[in-house]
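Okay, structure first, notes after.
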Number of protein chains: 2
Amino acid sequence: MVRHYETLTVESVRVFLEQHDTLVNRLGSRSETWTVREVSDGNLNLVFLVQGPEGSVCVKQSLPHVRVDPQWRMPLDRTAFEAEWLRRVELTAPGCVPVFLLFDPVMFVLVMECLEGFVTFRQALGEGADAVGPSRMIGGFVARTAFFSSLPGRTLEEIMPNVSFFANNTTLMRITFDLVLSDPFYSHHRNHWLKELDQEVAVLQSDEAIARAMIRLQQRFLTCPQALLHGDLHSGSVMVRNGDVRVIDGEFSLYGPIGFDCGLYLANLVLAWAAARSGGRRAHLAEAMDVFWSGFRKDFLSLWQTHASGGDLFSEVTFSVYPSLLEAERERYIDGIFHDMTEFAAAEIVRRLIGYAQVADFDWLTGTVERADRQREALVFAGHLLREAPGSMAEFVGRLTG
Amino acid sequence: MVRHYETLTVESVRVFLEQHDTLVNRLGSRSETWTVREVSDGNLNLVFLVQGPEGSVCVKQSLPHVRVDPQWRMPLDRTAFEAEWLRRVELTAPGCVPVFLLFDPVMFVLVMECLEGFVTFRQALGEGADAVGPSRMIGGFVARTAFFSSLPGRTLEEIMPNVSFFANNTTLMRITFDLVLSDPFYSHHRNHWLKELDQEVAVLQSDEAIARAMIRLQQRFLTCPQALLHGDLHSGSVMVRNGDVRVIDGEFSLYGPIGFDCGLYLANLVLAWAAARSGGRRAHLAEAMDVFWSGFRKDFLSLWQTHASGGDLFSEVTFSVYPSLLEAERERYIDGIFHDMTEFAAAEIVRRLIGYAQVADFDWLTGTVERADRQREALVFAGHLLREAPGSMAEFVGRLTG
């Protein structure tokens with residue numbers, strides 16, 4: 001039987017899963033007893049949750065087009081990158097991602113643990129949930145996945161095959177390059193915004209210092225493969241349940257600058273801050289930003305101290321006679337990540353306010369004027385970040401909270 | 001018939017070539033009439049030149065070990081990278097490399113045009129041949145190959161599959177990383193030098209500013225895939241005959257910083273300068289350095305002006321409202337290549353004087369004291385480059401001839 005790609009339905013998901021004993025065992029009993037729900041709500045894929053008497057699974061399949069725009073054709077291979085990302089990350093950051101169960105390279109179907117009872121961190125943020133705990137965990141998650149996929153932590157023989165593999169994820173690289181790092185910074189038909197922001201957008205799109213920063217960021221994104229990134233680490237890619245946190249949706253994974261992952265996460269805290277319902281809530285979110293960065297920094301440096309002999313860069317063998325220099329250079333490396341982070345955060349803030357794919361954080365503000373006021377705060381803050389990089393997290397938060 | 005790898009001999013080369021009609025046609029007549037000469041003289045491979053009544057070919061085969069050190073085992077795949085490099089480069093810099101004829105992925109045999117009557121540029125330099133003409137041509141060659149394999153000149157969809165392919169050339173990446181960028185900068189058993197240089201070597205290997213530069217260069221080499229590089233562009237990888245120039249031996253090819261290719265070429269001019277037989281010859285070589293860099297710079301910028309719409313970075317679409325900024329940022333990009341070039345040149349000078357694989361330029365100096373004096377000049381110059389980057393080619397040459 002020649003198998004070929006076809007789009008799954010609530011019925012054919014059942015047939016697909018039946019063919020795999022390990023999945024049948026996990027779900028339990030006969031397939032007629034399973035309940036299947038389609039819960040697709042991202043922009044790109046079909047997602048089904050399947051519940052059996054013994055357990056549940058999550059089934060994700062690439063569509064040959066953008067889910068919300070069938071005219072926008074797209075290759076199917078993105079699920080393959082997500083599967084490979086998942087398998088690598090569950091080794092270096094165990095417990096931080098759903099358990100990988102199966103990848104079918106013909107159907108482009110990824111089956112993984114179903115995160116029962118979890119909600120997106122974005123939704124939780126909107127409902128006033130704790131932001132500090134998850135931010136500390138994500139700081140550690142980014143530190144671990146970055147360190148163990150980068151040359152400070154590994155040899156070139158370990159890293160380069162991964163660089164090679166993920167360099168082929170060009171479809172989603174293109175989306176990020178266009179939607180995050182290009183379109184919002186010039187006049188492009190995919191952009192849209194509240195008319196109250198016309199003036200700020202005009203300023204943003206005609207500022208030479210901002211353009212200079214974007215020229216730099218575009219280069220960093222495409223020609224600085226420091227580590228394996230998630231590539232789309234916004235608050236909708238993080239799932240939370242009480243104290244538990246999981247990172248999902250690694251289809252944008254690529255080798256790139258570590259500050260890109262940090263920046264996307266941070267930006268979405270800033271957006272939540274701008275949309276927050278109270279001053280107290282804003283203070284809580286500002287604390288989460290600080291905790292995220294200081295947690296990342298602490299964990300990355302600590303991994304570096306305990307695994308210094310594992311990597312080719314900053315080698316303690318080659319540079320054994322310069323211990324204090326090595327320490328200073330490690331700090332400088334982290335400072336470089338900080339600089340990248342603040343600028344990528346700015347790009348993400350801008351694109352989520354005036355670009356193609358915006359965020360739901362502001363939806364509760366039914367009055368356009370107030371919504372525009374809140375968005376303006378974030379937009380002006382982002383412009384300032386790009387014009388003039390802050391030197392520390394204290395300065396970053398200080399600018400925000402005035 | 002299952003084919004498998006076996007090392008070619010003068011006899012079996014004939015049998016190998018007979019199987020390919022296009023090669024038989026090129027050589028002419030029957031294989032008994034061909035003459036086969038083994039001319040292997042690099043460190044890594046077997047090379048045969050085959051002459052028939054109608055024409056000639058060059059046959060290059062990987063050995064499973066370093067040719068000059070059979071204990072140093074090595075994978076065979078390097079010829080595959082050379083073949084792919086050759087096929088790409090002959091499209092973007094036609095006439096600058098030998099014509100590609102055949103690659104056999106089982107035997108790891110590459111067959112190409114035989115460069116009859118050519119000698120290595122290193123040999124020609126030693127014999128007092130013109131250095132300015134070839135340097136101008138190599139400047140243009142590096143500009144063309146770099147521009148058309150990089151994101152200023154091409155889209156990410158065009159570039160990333162190449163980044164992916166060449167990221168697998170880890171065997172030769174490791175050799176460069178160790179022999180050029182690591183070993184010479186600390187106490188390593190592969191290093192060796194004239195005892196007259198003991199003091200300079202001790203200074204070089206205990207200077208914090210030099211170590212800082214090497215930490216930076218190691219990062220640039222492994223995590224800055226700007227363009228497809230030759231990867232070993234010393235004067236033994238350039239062949240000359242009267243005004244003709246060809247670049248050979250692309251087995252070290254990789255995506256990396258453009259300044260690496262520039263730096264290796266420049267370093268070998270500096271070594272020739274240090275070993276030169278007269279003051280007039282030194283002036284000629286200093287002129288060649290200047291011509292190389294200004295030629296590279298001019299050609300790269302000129303390609304950028306005429307092909308600006310082809311690439312994803314520094315886009316004239318995205319940044320159309322900032323023409324003078326774009327021009328300034330292009331200059332800044334070239335300045336970055338210059339900075340990389342001078343530091344990589346320094347590393348190459350050092351490793352050719354105190355590292356594993358040294359150069360023949362100084363062999364004509366039979367007196368050890370004079371040879372050491374000449375080498376000391378180059379070594380001190382290289383240390384200065386690493387401690388304090390020159391701001392221009394005039395400053396670079398000025399320090400040398402100062």
**Prompt:** log₁₀ I(q)/I(0) of the protein assembly as shown at q = 0.07 Å⁻¹, via Debye over equal Cα point scatterers, no solvent, to two decimals?
**Reply:** -0.59
**Complete:** dims of region A:231-323, Cα set, principal axes, largest to smallest, nearest Å -> 54, 31, 24
**Stokes-Einstein D in µm²/s, Kirkwood radius over Cα pairs - chain A at 4 °C with 1.567 mPa s viscosity** = 59 µm²/s
**Request:** Could you please point out the chain B residue with its Cβ nearest to the axis of the rotation taking chain B onto chain A, and the distance in whole angstrom?
**Result:** B:164, 2
**Request:** Calculate, in nm to one decimal, what residue A:320 and residue A:65 gain on full extension: separation in residues at 0.36 nm each, minus their alpha carbon distance.
**Result:** 86.5 nm
**Centroid-to-centroid separation of region B:263-299 and region A:216-240 [C-alpha atoms, Å]** = 42 Å
**Label distances, nm, residue A:29 versus same residue in remaining copies, Cβ-directed 7 Å point** = 8.6
**Fill in**
Output row, site residue A:29, 7 Å Cα→C-beta label point, backbone N cut-off 19 Å, window region A:50-81, residues A:50-58
**Message:** Need the list of aspartates and glutamates near residue B:298 for cross-linking: C-alpha distance under 15 angstrom, and skip anything on the same chain fewer than eight residues off.
**Reply:** B:290, B:327, B:331, B:335
**Prompt:** Over all directions, what mean area does the Cα convex hull of region B:10-113 project, stated in square nanometres?
**Reply:** 6.7 nm²
**Request:** Work through the residues other than residue B:77 whose Cβ is under 11 Å from its Cβ and net out their charges, Lys, Arg +1 and Asp, Glu -1.
**Result:** -2
**Request:** Tell me, for the protein assembly as shown, which Cys residues have no other cysteine's C-beta sitting closer than 4.7 Å.
**Result:** A:96, A:224, A:262, B:96, B:224, B:262
**Prompt:** Counting Lys +1, Arg +1, Asp -1, Glu -1, what net charge surrounds residue B:307 among other residues with beta carbon under 13 Å of its beta carbon?
**Reply:** -1
**Spacing of the two label points (7 Å from each Cα toward its C-beta) at residue B:91 and residue A:157, in nm** = 3.2 nm
**Request:** Calculate the length of the line joining the C-alpha centroid of region A:1-67 to that of region A:345-365, in whole Å.
**Result:** 32 Å
**Request:** Express in nm, to one decimal, how much length is gained between residue A:394 and residue A:216 on full extension, taking 0.36 nm for each residue of separation and deducting their alpha carbon distance.
**Result:** 61.7 nm
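We did not get these values from a lab; they are worked out from the coordinates using the rules stated. This is a predicted model, so every value here is computed, not measured. Please note: Cβ atoms are built from the backbone with ideal geometry, for glycine as well, and neighbour counts cover all protein chains shown.
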